Amino acid sequence: MTQVIWIVLAVLVTFTVGYLGYSKYLSRFVELDDTNETPAHKYEDGQEYVPAKKPVLLGHHYSSIAGGAPIVGPITAGAIWGWVPALAWIAIGNPLIGSVHDFVSLSGSIRHEGKSIGYIVGEYVGERGKNLLLWFAFLTIILVVAVFALVVGIVFNAFPQVTTTSFLYVALALLFGVYLYQLNGPFLPGTALFVAGVFASVWVGIQYPFALFPAVEAGAYPEGTLVLADLIGLGAGGWIPGAVVSADAILKPNVAAWLPLIIVYGGVASALPVWVLLQPRDYLSSFLLYSGVGGGILAIIVGTLITTPAQPLVIDSSIGAFEGFWGTEAAGVWPLFPLLFITIACGTVSGFHSLVSSGTTSKQLNKETDARLIGYGGMLGEGLLAALALSTLAVAGFVADATAGGIGGALPNFAAGGGIILTSLGIPQTIGAVFMALVLVSFLLTSTDTAVRLGRYMMEEIVGAPAGETTTGLSGDFGGFARGRYTNPVLQGVIAYVLVISGEWVTLWGLFGSANQLLAALALLTATIWLANWDESKQLLSTGVPMALMVAITVTALTFIALYRNIYTNILQGGADGTAAMISSGVQAVLGFVLVWLALSLVKIGYENLANVREGVGSAPADD
């Protein structure tokens, strides 16, 4: 039987070559120079623009970009088409497309005052292109907030131990921020002390699990779980908006109860100065995440070459190497092209990363050369997470119906498979499973409040705000309310909450995946336009070829989803169950066509700009 270590070795080889070779070339290509003043120093305000040490910023960036998608996507894709095509897209696509996407998004932003990709594209193609991209990015952010909040709630419900640990490490992060920035404590001793506290919180969480409402199914919570509703008499929780008291439901009462609290947390965290919570929390949690990803990769190597894990680290017989172009029969009609690519999504390339790179990260970059490790290297780190997720599927097999997709299949495989893998390092399987669930929720929490902050940045650029200027939004006109530090998170949170409790969580996940990949194509288009206008001698293949590929994949996928799945299967063939499902399918089809139109419109505008520049006509934005 095939050993899982081959999955790990494949990505380690291609990622090493990519970082040592291609990223070095790209750094020279965009002319990174530490004598240039970065936006973090130029606009330093103690709120948004705050220079950060490279390891601190890497921790924030990695924690923010690596959410649940690089876990859910590879597991779902591996179950449907087999582990070989999933591995190939991660190992090859990440260093050639995804890491390039993140790097040029960060590099382009620091050369444009720390502004977003929407602002950058507007500099060269005009206000229409800028507004199209910014509105698209803002709507994508709301989908991110909705989906990630839902998944955090699901993880909290499945592992109450993780709930306690998450509370503790957020509290430790607040203390670490005060220690570093107010008390000016020494960095390395503080790191050692607070990182030890984070790992100690894992033990505390296992000993004292916590839930808001009782479990629907018997034995779902570990013995000794503290249930708040039982203590104060709140009942089973069926009265919570969107809650369904059923073992088969996604929005169980405990999940539904966590949703508003997680969204409120994201809003509050996004409004605080970055030094208070964002920087210290992401830095501390990065050690947890590095341990989870690095420890899992190391455990596979050690378990294969030296020790004996709980079970052999070989690919389970239920996971095929290649299940054919149409995938496993249980999955239905899932053509490998283009659906494999948008299913794996963030493990290879993610448009959300362009918002992080050109949003929070570019405003904290201390030196230009830090962009190589943080931008290119950070995305390789997410690729390692995707490879680890695929490995957990390979080891555990079908713990749940992974072919059905979504967190319902991914979480059991990631936690159970991760627990098996970590036994190679002498960690009991039950503890290892809880730890891997904590790794998942740590990624999600950091991504959620970073997304809310990025949504505010998008709106600031839509309504107009000088670089480095923020407002509370509590007084003034509607524009001030829309971009306010306190009011914009409310706007995002309310919309995200309504979307989730509508019960259409499967729709949300599909829309998120499609919109995210389309945004990646548009970010690569933006980088290509920037490079062409910067210097007409610059080669455009490094960004232009990945951009063209992502446009082709996304447009084909959205057309397939709109025409075949929604119009033909669900509406014409009666596959949709009930009037609400018919309406949902119709809305999805319309959204799919709108996204296709938006992508092709921006590509047309960008192509016209590129043609004018290369023909020597000039690069002035088109009249709008």
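Assorted remarks:
- Screening residue 64 on (1) outside any helix (DSSP H, G or I); (2) under 16 Å from the mean Cα position of the chain (by Cα) shows it passes everything except condition (1).
- Yes/no for residue 200 being crowded, with 24+ Cβ neighbours inside 10 Å and either of a type outside the set (S, T, N, Q) or under 23 Å from residue 483 (Cα atoms) (or both): no
- The condition of being of a type in the set (D, E, K, R), at pLDDT 80 or above, closer than 30 Å to residue 198 by Cα and open to solvent by less than 10 Å² (accessible area, probe 1.4 Å) holds for only one of 485, 453, that being 453.
- Any hit, region 372-390, residues being at pLDDT below 95 and part of a loop (DSSP other than H, G, I, E, B): no
- Within region 302-339, tally of residues that are part of a helix (DSSP H, G or I) and either within 25 Å of the chain's Cα centre (by Cα) or surrounded by fewer than 16 Cβ atoms within 10 Å (Cβ to Cβ) (or both): 8
- Reported count of residues in region 1-18, each being out of contact with any helix residue (DSSP H, G or I) (no Cβ under 6 Å at 6 or more places or on another chain) and either open to solvent by less than 70 Å² (accessible area, probe 1.4 Å) or hydroxyl-bearing (Ser, Thr, Tyr) (or both), is 4.
- Close pairs (9 angstrom Cβ cut-off, 6 or more residues apart or separate chains): farther than 14 Å from residue 291 by Cα and modelled with pLDDT under 85 in region 416-436, crowded, with 23+ Cβ neighbours inside 10 Å and polar (S, T, N, Q) anywhere: 416/392
- Output for region 215-252, where each listed residue is open to solvent by less than 60 Å² (accessible area, probe 1.4 Å), touching a Pro at 6+ places or on another chain (Cβ under 8 Å) and not aliphatic (A, V, I, L, M): 221, 222, 225, 237, 238
- The sole residue among 227, 202 that is modelled with pLDDT under 90, among the aliphatic types (A, V, I, L, M) and within 19 Å of residue 163 (Cα to Cα) is 202.
- Subset tally (residues that are closer than 21 Å to residue 613 by Cβ and open to solvent by less than 40 Å² (accessible area, probe 1.4 Å)) for region 109-123: 8
- Among (1) part of a helix (DSSP H, G or I); (2) open to solvent by 10 Å² or more (accessible area, probe 1.4 Å); (3) modelled with pLDDT of 90 or more - the single one residue 106 does not satisfy: (2)
- Complete set of residues in region 27-52 that are crowded, with 20+ Cβ neighbours inside 10 Å, of a type outside the set (S, T, N, Q) and over 24 Å from the mean Cα position of the chain (by Cα): 30, 39
- Test: residue in region 128-138 that is modelled with pLDDT of 85 or more, open to solvent by 40 Å² or more (accessible area, probe 1.4 Å) and in contact with a helix residue (DSSP H, G or I) (Cβ under 7 Å, 6 or more places away or on another chain): no
- Count of region 571-623 residues which are within 12 Å of residue 533 (Cα to Cα), loosely packed, with under 15 Cβ neighbours inside 10 Å and modelled with pLDDT under 80: 6
The values are calculated or read from the model by the stated rules, or taken from the named source; none is laboratory data. Worth saying up front: this structure is predicted, and the values here are computed from it rather than measured. Glycine gets a Cβ as well: all are built from the backbone with ideal geometry, and neighbour counts include every protein chain shown. The accessibility values were calculated without ligands, DNA or RNA, using every heavy atom of the protein model including side chains. Shrake-Rupley method; radii C 1.70, N 1.55, O 1.52, S 1.80 Å.
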